[in-house]
Amino acid sequence: MGSSWKLADHPKLPKGKTIAMVVLDGWGEAKPDQYNCIHIAETPTMDSLKEGAPEKWRLVRAHGTAVGLPTEDDMGNSEVGHNALGAGRIFAQGAKLVDLALASGKIYDGEGFTYIKDSFETGTLHLIGLLSDGGVHSRLDQVQLLVKGSAERGAKRIRVHILTDGRDVLDGSSVGFVETLENDLAELRAKGVDAQIASGGGRMYVTMDRYENDWEVVKRGWDAQVLGEAPYKFTNAVEAVKKLRQEPKANDQYLPPFVIVDDNGKAVGPIVDGDAVVTFNFRADRMVMIAKSLEYEDFDKFDRVRVPKIRYAGMLQYDGELQLPSHYLVSPPEIERTSGEYLVHNGVRTFACSETVKFGHVTFFWNGNRSGYFNPEMEEYVEIPSDSGITFNVQPKMKAIEIAEKARDAILSGKFDQVRVNLPNSDMVGHTGDIEATIVACKAADEAVKMILDAIEQVGGIYVVTADHGNAEDMVKRNKKGEPALDKSGNIQILTSHTLEPVPIAIGGPGLAPGVRFRSDVPSGGLANVAATVMNLHGFEAPSDYETTLIEVVD
């Protein structure tokens, strides 16, 4: 463990108080109106934090450059949010890393590209991922550059397997994205490269499941992409998306799988021995399952029927602990010396808990993209299984109370110095676009916060309540004036994505030393400032290269 881990004691803050670190997922701060589910919901606990002590409540930035994303137009997400919360510093993330590698051409010199390039001479290059400019999981311009760059470097036969979005971007925008890609592929064909779209489907129904919630989603993708089999066959991808969108209740997120066939009805792009495959999403959570199915010899989640011998690489490595995939085009940010690691090395016993859909966030992402414990004797992580087989608006309370009960018991046990949880409701239900259900979700999260704060009250501890990005506070797409945007039929356009809004952070509890308040000289504070703040509350000074603390102690 070495002396390099020793943190200096904070001159004015005592050690030994139990700290509850509560992250409300997708809980931003926006103007109150009927599309702000957090405002409409009964949230007496969170309201009391905001109104109780102005010097102990403030907003922090949770998007764009504050979390390592390229621009201020990039909405935050749970991965980069928890990276920043845990790491205490800002690291170039996902899209930005890929942008840098593409701009410099470094991506083509790396081990991953060299590995797949060996298949170009005799095999096909398959690209699988989300076709969208949403910038959360992937970006259309990066796919365009990768297709073009691969063709310039010897790929003679290219097949793209597209997943339509409608979650991080407007529903219906898929058609335009497919048209853009088709134009690029047509230009390549004119130059003698056999390039075309081979299959497709909606992101929530095909391929992009996460946390092993529903392997059927990945199987539908496998059947279309690898086996060339799907319930719908078309000779043209633009026509496919337009036709499938005409079905009742159809939307981009849930389009059924389709394959593109030639004039003889034969699939144009199944994956076969000797091919190369790249999953081009940069965000990890919805790529891990397909990566396992493409890479693992030993695999029992569904019958793959035929397992081609391929060279497979991810855009990034999606799980550092599993080293999955083993080949990738762009190396991840190496986040060393996270706050969790420092605190454990300085005697802070840690408990972390969430339900399946956000368990990785409060552990793996919090700890700098690292699975497992720093010290199993000092830490306990508890995962509560999420509801599976239903959309989250069906059971909007999710597992909030179960998470809060585990946290309460951990606090009252006296075994832990930090009890860390993620309450997923406002994010996961917010993504469904169901406003009524999201209101229920926000209320449930608020009730969970109350249970945790009551336990902190009992043990004389401290609480820190914050969020990782916005979502439920604005459920409507807006025009340039900030008014709700309408579709062609005059209906409100529901927003299912994250937002660019700041998030709250509140501190308090009977264990909070007198005179502790938020500083007024860190106006642009973001999620990365939270780690130093929490270290202070544990009685330590943060390392000098951490983003500055948000608190001061006034006599």
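For the reader, a short list of remarks on this structure follows.
- Backbone HN-Hα couplings from phi across the range 270-281 [Karplus 6.51/-1.76/1.60, Hz, Gly and Pro as x]: x, 8, 10, 3, x, 7, 10, 10, 10, 8, 8, 5
- Coil-residue GluC sites (Glu not before Pro) of the range 208-286, DSSP, other Cβ within 10 Å capped at 11: none
- DSSP-assigned coil residues among trypsin sites (Lys or Arg not before Pro) in the range 189-291, each with at most 13 further Cβ atoms within 10 Å: K191, K249, K266
- The ratio of the alpha-carbon radius of gyration of the range 330-397 to the globular-protein estimate 2.2 N^0.38 Å is 1.33.
- Under 5 Å, built H, 5+ apart or other chain: amide partners of G129: H161, L163, F280
- Qualifying GluC sites (Glu not before Pro) for the range 333-430 [loop in DSSP, other Cβ within 10 Å: at most 11]: E334, E336, E377
- Where the range 184-286 is the region considered: accessible area per residue in Å², 1.4 Å probe: 40
- Alpha carbon centroid spacing (whole Å) that separates the range 352-391 from the range 70-146: 25
- Amide H contacts under 5 Å for R420, placed H, 5+ residues apart: M21, F351, A352, C353
- Annotation: aspartates and glutamates with alpha-carbon distance below 14 angstrom to K233 (same-chain offsets under eight excluded): D223, D262, D263.
- 3J(HN,Hα) from dihedral phi, the range 456-465, Karplus parametrisation 6.51/-1.76/1.60, rounded to Hz, x for glycine, proline: 4, 4, 4, 9, x, x, 10, 10, 10, 10
- Phi-derived couplings, Karplus 6.51 cos²θ - 1.76 cosθ + 1.60 at θ = phi - 60°, listed residue by residue for the range 366-378: 4, 8, x, 6, 9, 7, x, 8, 6, 8, x, 6, 9 Hz, with x used for Gly and Pro.
- Long-range HN-HN contacts of A276 with modeled amide H, under 5 Å: T124, L125, H126, R311
- Value at 222 nm in deg cm²/dmol, rounded to 500, when DSSP H runs of n ≥ 4 in the chain each add -39,500 (n - 2.57): -8500 deg cm²/dmol
- Greater than 25 Å apart at Cα, pairs in K31/K480; K358/K397; K96/K309: K96/K309
- Principal axis analysis of the Cα atoms in the range 9-59 yields extents of 47, 21, 17 Å, listed in decreasing size.
- Checking the cross-link pairs K12/K415; K117/K242; K117/K477 against a 31 Å limit on the alpha carbon distance flags K117/K242; K117/K477 as lying beyond it.
- Labels on offer are (1) 4, 19, 30, 28, 15, 5, 1, 0; (2) 3, 15, 21, 22, 19, 12, 6, 2, 0; (3) 4, 18, 28, 25, 16, 7, 2, 0, 0, and the one holding P(r) over Cα pairs in 10 Å bins from 0, in percent computed from this structure is (3).
- Carbon + sulfur, % of accessible area of the chain - ligands and nucleic acids excluded, 1.4 Å: 48
The values are calculated or read from the model by the stated rules, or taken from the named source; none is laboratory data. Here the structure is a predicted model, which means the values were calculated and not measured. In this analysis, Cβ positions are derived from the backbone assuming ideal geometry, glycine residues included, and neighbour counts consider all displayed protein chains. Note: accessible area is taken over every heavy atom of the protein model, side chains too, but ligands, DNA and RNA are not part of it. Shrake-Rupley method; radii C 1.70, N 1.55, O 1.52, S 1.80 Å.
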